[in-house]
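Report on the structure given below.
Read the figures in this text as sums done on the coordinates, not as results from a lab. In this text the structure is predicted, and so the values were computed from the model without any measurement. All Cβ positions, glycine included, derive from the backbone under ideal geometry; neighbour counts span all protein chains shown.
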């Protein structure tokens with residue numbers, strides 16, 4: 001956090017950060033006095049813990065599904081939409097029909 005505050009002091013620009021181990025986004029807009037010098041900070045924390053857990057879970061599910069497709073003992077294809085566009089084709093060497 002100190003590095004973030006030092007950065008704000010040096011650049012005179014707001015700095016956004018997400019500390020390690022804490023799932024919140026912090027924004028530090030600065031306040032200036034009449035001479036144009038920084039005279040304070042505001043801190044706006046936003047709790048993003050649920051979003052982080054949901055993002056991790058989606059990524060884990062995506063990787064499990066990808067691994068399942070890659071390790072399947074058969075050819076797998078995914079057709080999507082009303083036009084049945086081929087969006088995935090996983091061919092296994094030695095699969096029946098190839």
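See the values below:
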| item | result |
| --- | --- |
| Segment residue 84-residue 25, extension gain: residue separation times 0.36 nm, minus the distance between their alpha carbons | 17.2 nm |
| Cα gyration tensor shape for the stretch 50-90, rounded if a/c is under 1.5, else prolate or oblate | oblate |
| Linear extension gain, residue 68 paired with residue 48, 0.36 nm per residue minus alpha-carbon span | 4.2 nm |
| For peptides 4-13, 75-84, sequence by mean Cβ density within 10 Å, most packed first | 4-13, 75-84 |
